[in-house]
Amino acid sequence: WAVVGLVVGVLVLESVAGQLAIPAPALLLIGGVGASLVPGVPGYQVDPEVVLVVLLPPLLYAAALDSSALAIRVLWRPVVGLAVGLVIATTVSVGFVLHLLVPAIPLPAAFALGAIVSPPDAVAATAIARRLGLSRRVTTVLEGESLFDDAAALVLLRVSVVGIAAGTVEYREEGDPTGPPGYAISWARRLLAEIMPITALSLCAPFVSFLIAEEAHASGVLAVVITGLVVGYRRSVDVSAQVRLNENATWGALRFLLEGVVFGLIGLQLLDIVGALDSSASEVVLALVAVLLFRSAWSLVRE
């Protein structure tokens, strides 16, 4: 019943947001916080592994399918600058600021916190950009950043966690397994003739790509993004227009629901998270302020 209530609440708030012409993510957050204060509403405690393995892959895959690989290629400089350069620079700057102002925080731990807060939520950013009528170029850059910044931040977080545990970081050269799943899935789609098997394969694609990359000790997030871009780029020649229409409808509905569930869960857990911070709240606030200042400075310098 908790899951049913969450889904129903998401659908209602999404509809209200559309009627009021306000960003749905903001209303879902507010609604989630309000619902968490109602007596009898069950507490939603989501395992981070569930978010990483179950929710994130289909969301990234759906976003990659909707993105234009050609447009991102044309705008690769600002996309890479934001998704990789800015994430790395923000992680490092936040880490040093925290370590200098709060010496009790070890530098690897400060870098880990910097990696956590460095990637912005581009779902809300792109929704607001479209509502404000910003140019397609700006929207494409924001969408491109959203596809790759999580992968960059997760890599930095893992490096920082290893540094915390071992006191050192070892670089090891390995093969890149992030690209082949996309081409394999594209080839399999051409062999299947029916709409339902192709759509079912599409629903499995993000999880297959993620697990293959993770087993190979590579970035599962990056593998999902590349798979989505490859399949999205090639699907005009791999499958028929009828298949594409069915696939678009399926992924559109799934993305709509999953995005709403994610923001609703954040709102439902927000008060508990803030209450659990205790003495570390000042460090988190300091990190967020450092992120805002550094991103603003980066944007001014890049312009």
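The values are calculated or read from the model by the stated rules, or taken from the named source; none is laboratory data. It should be emphasised that the depicted structure is a prediction, and the values quoted were computed from it without experimental measurement. Note: ideal-geometry Cβ built from the backbone for every residue, glycine included; neighbour counts use all protein chains shown. Please note that ligands, DNA and RNA were not included when accessible areas were found on the heavy atoms of the full protein model with its side chains. Shrake-Rupley method; radii C 1.70, N 1.55, O 1.52, S 1.80 Å.
Structure notes:
- Cα→Cβ-extended label distance, 7 Å offset, between A26 and A104, nm: 3.7
- When the Cα gyration tensor is reduced to axis lengths a ≥ b ≥ c, the ratio a/c is 1.5 or higher for the range 20-126, and with a/b not above b/c it is classed as oblate.
- Portion, in percent, of the accessible area of the range 34-98 that falls on carbon or sulfur, probe 1.4 Å: 71
- The L11 and L211 beta-carbon pair, evaluated with R₀ = 30 Å, returns a calculated FRET efficiency of approximately 0.50.
- Among 226-232, 287-293, sorting by the average number of other beta carbon atoms lying within 10 angstrom of each residue, highest first, gives 226-232, 287-293.
- Extension gain (nm, one decimal) between L52 and Q242, 0.36 nm per residue minus Cα-Cα: 65.2 nm
- Theoretical gain in end-to-end length, L203 to L288 [0.36 nm per residue, Cα-Cα removed]: 27.1 nm
- Pairwise label distance in nanometres, L270 with S135, each label 7 Å out on the Cα-Cβ vector: 3.3
- Full-extension gain in nm, L191 to S296, via 0.36 nm per residue minus C-alpha separation: 32.9 nm
- In the context of the full protein assembly, D66 retains an accessible surface of approximately 100 Å², using a probe radius of 1.4 Å and ignoring ligands and nucleic acids.
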